[in-house]
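Here's the structure we're looking at; comments come further down.
The values are calculated or read from the model by the stated rules, or taken from the named source; none is laboratory data. Owing to the predicted nature of the structure, the values given are computational and were not obtained by experimental measurement. Because the Cβ atoms are built from the backbone with ideal geometry, glycine has one as well, and the counts that use them run over all protein chains shown. These accessible areas exclude ligands, DNA and RNA; they are computed on the full protein's heavy atoms, side chains included. Shrake-Rupley method; radii C 1.70, N 1.55, O 1.52, S 1.80 Å.
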Amino acid sequence: MTPPRDPAWQGRVFWSVACLLLLWPLIVATEFRPAVLFDPDSLRVTGRFLAGFLPPKVDPAFLAEVARETWRTVAIATAGMALAMVLAVPLTLMSARVLSLSALSGRMARGPFWLRQGVRTLLIVLRSIPELVWALVFVRVVGLGPTAGVLAIALTYGGMLGKVYSEILDSGETGPTQALLRNGGGRLQGFFYGLLPQNSAELTSYTVYRWECAIRSSVVLGFVGAGGLGQQIDSAMKMFNGGEVATLLMVFVALVALADRVSAWLRAWLG
Amino acid sequence: MRLGLLLLCLGTLVVASFTSLDLQWAQFASLDALRSMGRFLAEFVPPDTQPAFLRKVAQGTAETLAMSALGTLLAALGGLALALPASRPAPLARGPVRLVLNVLRAIPELVWAALLLISAGLGPFAGTLALAVHTTGVLGRLFAEALENAPPGPGAALRAQGAGAAQVFFYATLPQVLPQLVSYTLYRWENNIRAAAVLGVVGAGGLGQLLAFHMGLFHMGKTATILGAMLVLVAAVDALSYGARRLATR
């Protein structure tokens with residue numbers, strides 16, 4: 001019996017070597033030195049920190065504080081989303097193509113066309129600046145606290161919602177809306193009686209999904225001083241308090257899992 | 001009816017959120033605050049464009065890209081390693097591995113970075129590991145689903161000829177799901193470039209670290225340049241991925 005032979009071995013060897021060569025600059029640029037992790041000093045510090053995780057801190061006063069901060073995290077996300085919708089809905093009405101009267105007969109007039117382009121650019125800019133950067137800027141202006149987090153979520157998510165809302169409206173069935181507009185209905189009437197009934201399920205489900213993302217990002221925003229669970233995790237880590245970090249991380253994972261369930265259930269219920 | 005109930009609940013939640021947070025609108029909307037905001041924004045111009053500093057920003061951008069690429073690559077390997085037990089029908093391996101994947105995925109990159117700083121030290125290494133750990137959770141789950149949905153025919157044919165488990169995986173299952181695994185990995189890479197740009201805010205390297213450093217010292221001109229570089233990076237990634245998708249679906 002002949003020994004097993006791979007007919008494609010040359011190609012495999014060539015590509016493996018080529019990949020390793022390409023990888024080298026990346027390893028240098030990221031200062032990738034796994035040995036640092038197993039350095040005795042670093043191992044001792046890590047070991048002490050991790051040993052502190054057990055047992056997690058569960059005294060009633062601390063748990064009450066954690067519960068309060070968890071609610072603040074949810075509240076920052078919810079308030080941010082509410083403001084994001086206040087920002088996104090008018091921008092959507094301005095930028096959706098279906099609601100253009102001049103586009104009913106051939107090409108859109110020049111004014112409305114440039115207005116739409118302008119609004120779209122604004123949405124892209126709002127959305128491309130990460131919420132963490134907005135939060136850093138607002139912490140400087142309004143000081144530490146939830147205001148910076150709410151504003152950061154409102155601006156970034158406003159941009160995301162505005163863009164996706166107008167895409168949903170433009171890609172749906174446009175017949176009824178155009179019929180309304182052609183027969184003299186106003187643009188708001190076209191939106192409320194033509195577009196909204198058809199697309200409300202999709203719009204709501206996207207909004208709920210984004211609310212779930214906002215909860216996750218409001219925790220991250222806490223790391224730059226915007227309040228909530230993130231700020232607690234950050235300060236507990238800076239104090240090397242393993243027990244507190246363990247409790248906070250467990251609460252956070254549970255919160256994310258809960259938001260995931262609630263959002264999946266809401267979307268199924270609506271859909 | 002349903003919608004009414006939902007709106008009522010949501011309305012209550014929103015009102016409760018606004019009232020329970022001590023939001024400082026007064027301070028934000030007052031004339032004084034607007035003036036200080038205007039001064040703050042005015043300090044951003046002109047952005048710092050000295051060649052030495054631009055070189056530093058370019059280096060930060062390259063570091064961000066390298067962190068995201070290496071982090072995603074490590075995550076693809078780790079995700080595949082965890083997806084194998086997670087996609088097996090045996091509940092003993094499946095349950096615990098899925099739990100691990102969920103926990104890795106639930107904790108955001110930035111929190112991982114802050115945790116890993118303790119053992120990896122300040123710098124891009126911690127950021128790369130943080131991206132790798134979080135993305136392992138995401139990719140592991142996606143990979144497990146892809147492996148589960150792979151057509152069983154070719155594997156069964158090899159097994160009938162007496163091939164071992166490793167041979168079946170490398171010559172039947174992996175080639176079938178490879179395109180899907182690659183496309184998931186590229187999609188996560190795109191996300192990770194965006195994440196790597198801000199990860200440094202906690203001290204984990206890349207553009208974010210430069211941003212946090214210069215913002216902390218109130219170097220507003222330099223901050224403006226770094227913010228500009230971030231915007232350009234994100235916009236370039238968006239445009240490239242849009243173009244690639246158009247090409248691929250044409």
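Taking the condition within 15 Å of A:G149 (Cα to Cα) and more than 10 Å from chain B (Cβ to nearest Cβ), does A:S218 pass? Judged against the criteria, A:S218 is a match. The number of residues in the stretch B:15-24 being assigned to a helix (DSSP H, G or I), open to solvent by 40 Å² or more (accessible area, probe 1.4 Å) and at the interface with chain A (Cβ under 7 Å from one of its Cβ atoms) comes to 2.
From the residues in the stretch A:227-271 that are in a loop (DSSP other than H, G, I, E, B) and within 11 Å of chain B (Cβ to nearest Cβ), which one is most open to solvent (accessible area, probe 1.4 Å)? Ranking the candidates gives A:F240 first.
Checking the conditions here, which among A:L161, A:L122 is touching a residue at least 12 places away in the same chain (Cβ under 8 Å), more than 28 Å from A:A264 (Cβ to Cβ) and either in a helix (DSSP H, G or I) or not charged (D, E, K, R) (or both)? The conditions single out A:L122.
Scanning the stretch A:175-203 for residues that are at pLDDT below 85, open to solvent by 40 Å² or more (accessible area, probe 1.4 Å) and of a type in the set (S, T, Y) turns up just one, A:S200. Sub-6 Å Cβ pairs linking a first residue in the stretch B:144-161 that is within 22 Å of B:A86 (Cβ to Cβ) to a second residue that is open to solvent by 40 Å² or more (accessible area, probe 1.4 Å) and assigned to a helix (DSSP H, G or I), at least 6 apart or interchain, are B:A146/B:Q180; B:A150/B:Q176, ordered by first then second residue.
This table checks each residue for (1) under 20 Å from A:L196 (Cβ atoms); (2) facing chain B (nearest Cβ under 9 Å); (3) at pLDDT 85 or above; (4) crowded, with 24+ Cβ neighbours inside 10 Å.
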position	(1), (2), (3), (4)
A:T73	no, no, yes, yes
A:I76	no, yes, yes, yes
A:A79	no, yes, yes, yes
A:A88	yes, no, yes, yes
A:M108	no, no, no, no
A:P112	no, no, no, no
A:V137	no, yes, no, no
A:V142	no, yes, no, no
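Considering the stretch B:88-155, the qualifying helices (runs of 4 or more DSSP H), each wholly inside and each with 2 or more residues that are of a type in the set (G, A, S) and open to solvent by 10 Å² or more (accessible area, probe 1.4 Å), run over B:91-106, B:109-120. Return the residue satisfying two criteria in turn: it lies in the stretch A:152-174 and is among the aliphatic types (A, V, I, L, M) and within 22 Å of A:W134 (Cβ to Cβ), and of such residues it is surrounded by the most Cβ atoms within 10 Å (Cβ to Cβ). For the stretch A:152-174, the residue satisfying everything is A:I153. Count of the stretch A:114-126 residues, restricted to those that are open to solvent by 80 Å² or more (accessible area, probe 1.4 Å), away from chain B (no Cβ under 14 Å) and in contact with a helix residue (DSSP H, G or I) (Cβ under 9 Å, 6 or more places away or on another chain), is 1. In the stretch A:26-53, what residues are of a type outside the set (V, I, T), more than 7 Å from chain B (Cβ to nearest Cβ) and not in a loop (DSSP other than H, G, I, E, B)? Correct list: A:P34, A:A35, A:F38, A:P40, A:D41, A:L43, A:R44, A:G47, A:R48, A:L50, A:A51.
Residues that are under 30 Å from B:L217 (Cβ atoms) and under 15 Å from the mean Cα position of the chain (by Cα) do occur in the stretch A:79-87, at least one of them. Residues of the stretch A:95-111 that are part of a loop (DSSP other than H, G, I, E, B), small (G, A, S) and closer than 16 Å to A:L188 by Cα: A:A96, A:S100. Among the residues examined, B:L41 qualifies as without any contact (Cβ under 8 Å) to a residue 12 or more places away in the chain, exposed (fewer than 15 other Cβ atoms within 10 Å of the Cβ), of a type outside the set (D, E) and part of a helix (DSSP H, G or I).
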